[in-house]
Amino acid sequence: MTFFDFLFQIIAGVILWNWLWKSVYRVESNEDETHWIKTSDGWRIALHHYQPRAKQHSVPVILCHGMGANRLTFDMNAKQSLAVYLRDQGFDVWSLELRGHGLSDRPGFMRHQQFGWGVDDYLEKDMPAAITAVCEKTHSTQVHWVGHSMGAILGWSRLALNSTPDLLNPNIKSAVLIAGAIDYSETSSDYHFLKRARPISQFLPALPVSWLTCLISPFAGRLENRIEAFKYELSNLDGLLARKLQALGFHPISMPVMNQLATAMESGGLIIQKGSFKVKEHLGQITTPVLAIAADRDRQCAPYAIESSLKLLSGTENEFRCFGTGSGQETHYGHFDVLFGKRVESEVFPVIANWLKQKS
């Protein structure tokens, strides 16, 4: 057997293994319909609509996932689903999947779309397209932005951009920013590896996160380990949900995205717009109300980083909430289980819904 024969068998085995577990752990999300919209540069992105049975609030809600993730962050099952919960509370909910994620256009063999996009493309193309489409479809002039992890970083960044005179656009009425901050440099975030990963960006178009997570999916949610602790607090998560998340919840990450987010690990925090815009320097101009949510055992984004970002805002209606045993909850919380942990329906979701009701 030649080396290439051996390599081919390994690749084929990985493909079959991942296909098997994606089939076993298949998730049926609970959206009512899916809309596809075009960005200014021709990408087709998905908006999953959760239409309220009895609409009680005029301002629609856009949910946005994190780096490499997809809509399942907000809808792993009918019970532990922020999208379903808000819909049942009378909100018009739209779950956005950014380019390269979920049912949106993704790079592939013989496809026009390829890796190479960065955070700037999310901010300048995907977000405006999604907000405009939701406003048009709901006949609203504003939206509530609910972002998790990178989705929260996009929220901070878009609000900072909106606050500058040349880009003033008050179409975000309020923001719920979960497990994401602008400056991680003074914390022990496990994401500091992004700085060390920069040299490989010239050799790889994307980081194959989904291949790696799916490989380990059948073993997830069983024993405490450092790899899974990076994503969730295992004691606060049903093991089956952990396996479904690993098998279905991630996609390859475009290297420019990683390189831009790596700036958040350095002193001064995140830099966008091709290195010309330091987000932290503009947070003081933000007057949009922000609810910032942290998890006490989040290994990706420490509560301190989130609270520090919030304190820089000039608005008077902001609020910080950290979930975990120190705040009265029964268990610790991690990065993902703050959205589908065992008790989110009684501990986390009501806080988000009440905030949105007050700001609608």
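Key figures
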quantity: Which listed residue is of a type in the set (D, E, K, R), crowded, with 19+ Cβ neighbours inside 10 Å and under 30 Å from Lys22 (Cα atoms), from Arg243, Arg226, Arg222; calculated: Arg243
quantity: Selected residue [closer than 24 Å to Leu103 by Cβ, of a type in the set (A, V, I, L, M) and touching a residue at least 12 places away in the same chain (Cβ under 8 Å)] from Leu237, Leu241, Leu291; calculated: Leu241
quantity: Residue within segment 34-45 that is within 19 Å of His65 (Cα to Cα) and of a type in the set (D, E, K, R) present; calculated: yes
quantity: Scan of segment 70-124 for residues that are among the aromatic types (Phe, Trp, Tyr), assigned to a loop (DSSP other than H, G, I, E, B) and touching a residue at least 24 places away in the same chain (Cβ under 8 Å), ordered by number; calculated: Phe91, Phe115, Trp117
quantity: Boolean, Arg243 is over 27 Å from Gly116 (Cα atoms) and touching a Pro at 6+ places or on another chain (Cβ under 7 Å); calculated: yes
quantity: Of all residues making up segment 16-54, the number that are part of a strand (DSSP E or B) and touching a Pro at 6+ places or on another chain (Cβ under 8 Å); calculated: 0
quantity: Residue in segment 306-326 that is assigned to a loop (DSSP other than H, G, I, E, B), surrounded by fewer than 24 Cβ atoms within 10 Å (Cβ to Cβ) and on the phi > 0 side of the Ramachandran plot present; calculated: yes
quantity: Residue in segment 92-120 that is surrounded by the most Cβ atoms within 10 Å (Cβ to Cβ), counting only those that are among the hydrophobic types (A, V, I, L, M, F, W, C) and within 16 Å of Gly147 (Cα to Cα); calculated: Leu96
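Here, each number is a calculation from the coordinates, and none is a lab measurement. Note that the structure is a prediction, hence the values are computed from the model and not measured. Note: ideal-geometry Cβ built from the backbone for every residue, glycine included; neighbour counts use all protein chains shown.
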